[in-house]
Each structure stands twice: as C-alpha cells, then as structure tokens.
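S.K.: This structure is in structure tokens; I'll ask about it shortly.
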Amino acid sequence: MEMAYLFIGIAILIVIIVFFTMFPIGLWIEALASGVHVSLFSMFGMRLRRINPAKIVRALIKAQKAGLKIDRNMLEAHFLAGGNVDRVINAMISAQSAEIPLEFEKSLAIDLAGRDVEEAVKMSVNPKVIETPVVAAIAKDGIELRAKARVTVRANIARLVGGAGEETIIARVGEGIVTTVGSSETHKAVLENPDLISRTVLNKGLDAGTAFEILSIDIADVDVGRNVGAQLQMDQAEADRRIAQAKAEERRAMAVAQEQEMLASVQEMRAKVVAAEAEVPKAMAEALRNGKLGVMDYYQMQNVISDTRMRQAIAGEGVNAEPRDDSPIKK
C-alpha cells in the first residue's frame, strides 16, 4: 500500500514538473502584469512549435511599453525563420525614438536579409565614417599622387534590402579619385585644391543603388609618388636603343657576310686567272716542240714584253716591281 502511495506521489510530482515546464506560469504572470495578453495555452502551443516563449513574450513586453503594435504571429514566424526578434524590436524602438519611419515588416525583411537592422538605425542617427585605402592615381604630367579619403555615410533604411554595402562605396570613391586626378593637367593643381576631388566625387552620385547615403567626402592625405611619365619615357628610350642596336648588329652581320662572299668570289677568279696563266707557258712550249712557233717568233715576243715593261717603268708604273721571267724555256 505504501508503494502505491509512493508511485502516486512520484506521478503527481512528474505531472507538476511537466505542467510548469510546458505552461510557464511565471512568464504568464509577467506578461499579464505588463499588459500583454498571451494565454497559457498560447505559450503551450509555442512549446509545441519549438519556440522559446520567453523570447516572444519579452519582445512583446518591450514593444508594449514603447507603444508599438506588434503582431505576435509575425514575430513567431520571424523566430522560426531564424531571425532575431530582440534586435528587430530594439530597432523599432530606436527608430521611433529618433522619429525615423520604419515599418515592422520592413525591419523583419532587413533582419532576414542578414543586415543588422539595429545597427542600421543607429547609423541613421549617428553617421559612420569609412576610411578608404590609399588610392594611387596619375595626373596628365605623369606624376603619381597617392590619396586617402574619409567618407561619412548614413544608413538608408529604404535601400537596406538589396542595396550595396561598404565595399561598393569604397570602390566608387577610389574610382572617383582616379578619374579626378587623371583629368588634372598637373599634379600641383590637385595639391593646391584637394577639395576638387571631393566636389567631383560627390557630384557623381556614388551612393546610387547602395544602402548608404554619402554625406561628405574628405581628403585625409595626399602624397606625391613616382614620376611615372619620366619612367615611361626612360623605358621607351631604352627599348628604342635596344631595337636600334639589334638592327645595327643585323646590318653589320649582313655587311660581313657580303664582304666574305666578295672575297670568296675574288679568290675564285684569281685562282682561275692563275690556272689560265699557268697554261700559257705550257702551250708555248708545246708550240715550240711542234714547230708551230719559231725561235725568232719567241724572241720577238720577248722583245715586245721587255719593251712594254720599259714603257711602264718610264711612265712610273711598276718602278719598284721586279721583272718577271716567264720564259717557257727555263720552266
């Protein structure tokens, strides 16, 4: 009998624990005292839907105290979709305090889009400063300028969903700096008036399609870099020198080849002449042996050759040359 009472007591205790677990009485009393009417069965239904009732009820309590009308079903759906209900309610309260128009559905969409809607509302009240990296640009005179800018932006609540982020703002500002410096006649004009970059960039409307509104662009620093124009001219001159040197080497090689060909031709012709001259004494000796050329004829030819050499000596040709003896007899 005592065991039966023990089992009954344990069962009653288990039922009480399950009841207080599935029906959060303390949270229900807290909501009722705050003017938020959420029944125990609604909280039990949240438990069954695997929703933390404390997240929903406390968010509704904050909204009730701030005077916001929040649909509980939409808040539960947002929680089931993976959203942050506390961040949404805090953003709504901050927007109401700052008199920034922000609809509940819009804040839910912003939060589900992965953006911090609470931080966006704070940025609308307190603008944020984005510092760009050093941007290198070259003026028309070939001098490089390295500029750094600070961009003051304010969140645009209406374009937070689907709008571009900070990276796009930084890229567009860098593009504007390069365009402004590149269109300047000299780098001195940019150094004398750095606000020229700010005015040009602001006039381009760089915040179009982004989640921000650009309030101001301030040039933090401008430094003079390399003389790119002079370096390019030096590189071009070096390239031209190498091309001219290569062409000169090519012409020299062609001249050497032509000279060698001419020398070879002259040597070949000289060899033919020597060979032909070598045949003359042989022919004369053969003519003497065969009786076709007489001795008197041979001496007469020698007299003619001697006479020719004498005339050349008188005329100043071949004075230092030694007379040759081409007699076929001695040979």
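S.K.: For region 114-135, check the following and say yes or no: at least one residue is assigned to a loop (DSSP other than H, G, I, E, B), over 30 Å from Gly82 (Cα atoms), polar (S, T, N, Q) and open to solvent by less than 10 Å² (accessible area, probe 1.4 Å).
M.R.: yes
S.K.: Would you tally the residues in region 136-149 being open to solvent by 30 Å² or more (accessible area, probe 1.4 Å), out of contact with any His (no Cβ under 8 Å at 6 or more places or on another chain) and part of a loop (DSSP other than H, G, I, E, B)?
M.R.: So the answer is 1.
S.K.: A further question follows. Listed residues Ala208, Ala220, Ala237, Ala253; which is farther than 30 Å from His187 by Cα and of a type in the set (Gly, Ala, Ser)?
M.R.: Selected residue: Ala253, the only one of Ala208, Ala220, Ala237, Ala253 that is farther than 30 Å from His187 by Cα and of a type in the set (Gly, Ala, Ser).
S.K.: So which residues in region 82-95 are among the small types (Gly, Ala, Ser) and surrounded by fewer than 18 Cβ atoms within 10 Å (Cβ to Cβ), if there are any at all?
M.R.: Within region 82-95, just Gly82 meets the criteria.
S.K.: Select, from Met234, Met284, Met301, the only residue that is over 30 Å from Val121 (Cα atoms) and touching a helix residue (DSSP H, G or I) at 6+ places or on another chain (Cβ under 8 Å).
M.R.: Exactly one of Met234, Met284, Met301 is over 30 Å from Val121 (Cα atoms) and touching a helix residue (DSSP H, G or I) at 6+ places or on another chain (Cβ under 8 Å), namely Met284.
S.K.: Which of the following residues is at pLDDT below 80, open to solvent by less than 20 Å² (accessible area, probe 1.4 Å) and either part of a helix (DSSP H, G or I) or touching a strand residue (DSSP E or B) at 6+ places or on another chain (Cβ under 6 Å) (or both): Ala31, Ala59, Ala63?
M.R.: Ala31
S.K.: Given the conditions (1) out of contact with any Phe, Trp or Tyr (no Cβ under 8 Å at 6 or more places or on another chain); (2) modelled with pLDDT under 85; (3) more than 28 Å from Gln233 (Cα to Cα); (4) open to solvent by less than 10 Å² (accessible area, probe 1.4 Å), and given that Ile169 satisfies all but one, which numbered condition is not satisfied?
M.R.: (1)
S.K.: Among the numbered criteria (1) touching a helix residue (DSSP H, G or I) at 6+ places or on another chain (Cβ under 8 Å); (2) assigned to a strand (DSSP E or B), which one does Ala95 miss?
M.R.: Every listed condition holds for Ala95 apart from (2).
S.K.: Here are some residues: Ala109, Ala98. Which one is open to solvent by less than 70 Å² (accessible area, probe 1.4 Å) and modelled with pLDDT under 80?
M.R.: That would be Ala98, the only listed residue that is open to solvent by less than 70 Å² (accessible area, probe 1.4 Å) and modelled with pLDDT under 80.
S.K.: Which residues, taken from region 188-215, are open to solvent by less than 60 Å² (accessible area, probe 1.4 Å) and in contact with a strand residue (DSSP E or B) (Cβ under 8 Å, 6 or more places away or on another chain)?
M.R.: Val190, Pro194, Ile197, Ser198, Val201, Leu206, Asp207, Gly209, Thr210, Ala211, Phe212, Ile214
The values are calculated or read from the model by the stated rules, or taken from the named source; none is laboratory data. Every value quoted in this text rests on a predicted model; they were computed, and no experiment measured them. Counting neighbours? That spans all protein chains shown, and the Cβs are built from the backbone with ideal geometry, glycine included. Heads up: the accessible areas ignore ligands, DNA and RNA and are worked out on the full protein's heavy atoms, side chains in. Shrake-Rupley method; radii C 1.70, N 1.55, O 1.52, S 1.80 Å.
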